[in-house]
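Scroll down for the structure; my scribbles are underneath it.
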Amino acid sequence: MDDVLAGLLTGLALIVAIGAQNAFVLRQGLTGRHVLPVVAVCAVSDAVLVTAGVAGLGSLVTSHPVALDVARFGGAAFLLGYAVVAARRALRPGSLAAASTGAGTRRAAVTTALALTWLNPHVYLDTVVLVGSISATRGDDRWWFGAGAVLASVLWFVVLGLGARLVAPVLRRPGAWRVLDGLVALTMALLGLRLLLG
């Protein structure tokens, strides 16, 4: 049980930080559109990555820096593009009505969740490399540690996606949506620039 708890706490410490994936899940949760598919994509993706890290894929990833560079530049381009979209929503009041009703198709939401997860090199560093490295110190109990880290991801995305509705009444005002979209744009832009600059 200690290994599961350690994995849970490690997973939460890594995932709770504000990032592109969390900002997107929060937005979908606030709008109430396609929340379950987005939460499922993020949780399952994290589970796959954590499992790969516990299985020892971390050393393989770190030994191929070209793969990380490709993911870094692709992720930076995606994040900067998403920042532009969020900034336009914040600056154009006409788009706020659509934003507040969560406009967008399920396919677009799932595709965005997949891109924000799999094109982000920090996800690989956190789940595959870091969680994988920590789990390796636990010997045969590493799988219990990994199970705790997977549980952390599932709990976090469920709470973030479904719990966001609790603060939705605060965001009924268009000004609040503009602030949220502005913060999302700033977060995405900073993360994208950070990826570009290494």
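Over the range 2-196, what is the relative contact order in whole percent, taking alpha-carbon pairs under 8 Å and six or more residues apart?
48 percent
Once the other residues with Cβ under 15 Å from the Cβ of VAL184 are scored (Lys, Arg +1; Asp, Glu -1), what is the net sum? Intermediate results must be reported in sequence, preceding the final value.
Numbers: positive: ARG27, ARG88, ARG89, ARG92, ARG178; negative: ASP181.
Here the charged neighbours net out to +4.
Please report TRP144, TRP177 as a ranked list, fewest other C-beta atoms within 10 angstrom at the top and most at the bottom.
TRP144, TRP177
Full-extension gain between ALA136 and ARG107, please, as 0.36 nm times their residue separation minus the C-alpha to C-alpha distance. Walk me through the numbers before you get to the answer.
Details: separation 29, 0.36 × 29 = 10.44 nm, distance 3.70 nm.
Residue separation times 0.36 nm, minus the Cα-Cα distance, leaves 6.7 nm.
Applying 1/(1 + (r/R0)^6) with R0 = 41 Å to the Cβ-Cβ distance of LEU80 and ALA55, what FRET efficiency is obtained, to the nearest 0.05?
The formula returns an efficiency of 0.80 here.
Could you tally the net charge around VAL41, taking each other residue with its Cβ under 12 Å from the Cβ of VAL41, Lys/Arg +1 and Asp/Glu -1?
Residues near VAL41 contribute +1 overall.
Report the Cα centroid-to-centroid distance between the range 176-198 and the range 1-32 in angstrom, as an integer.
Between the Cα centre of the range 176-198 and that of the range 1-32, the gap is 18 Å.
Would you work out which of VAL167, ASN120, ASN22 lies farthest towards the positive end of the dipole of the chain, given +1 charges on the beta-carbon of Lys and Arg and -1 on that of Asp and Glu, about the Cα centre?
VAL167
Among residues other than ARG92 whose Cβ falls under 14 Å from its Cβ, what is the net charge (Lys/Arg +1, Asp/Glu -1)?
Cβ neighbours under 14 Å give a net charge of +2.
Divide by every residue of the chain the summed helix terms, -39500 (n - 2.57) for each DSSP H run of at least 4, and state the resulting mean residue ellipticity at 222 nm, rounded to the nearest 500 deg cm²/dmol.
It lands at -24000 deg cm²/dmol.
Treating only the Cβ atoms of Lys and Arg (+1) and Asp and Glu (-1) as charged, compute the dipole magnitude of the chain about its Cα centre; round to the nearest 20 debye.
That gives a dipole near 1160 debye.
Bear in mind these aren't lab numbers, they're just calculated from the coordinates by the rules spelled out. Since we're looking at a predicted model, the values are computed, not measured. Positions of Cβ are backbone-derived with ideal geometry, glycine not excepted, and every protein chain shown enters the neighbour counts.
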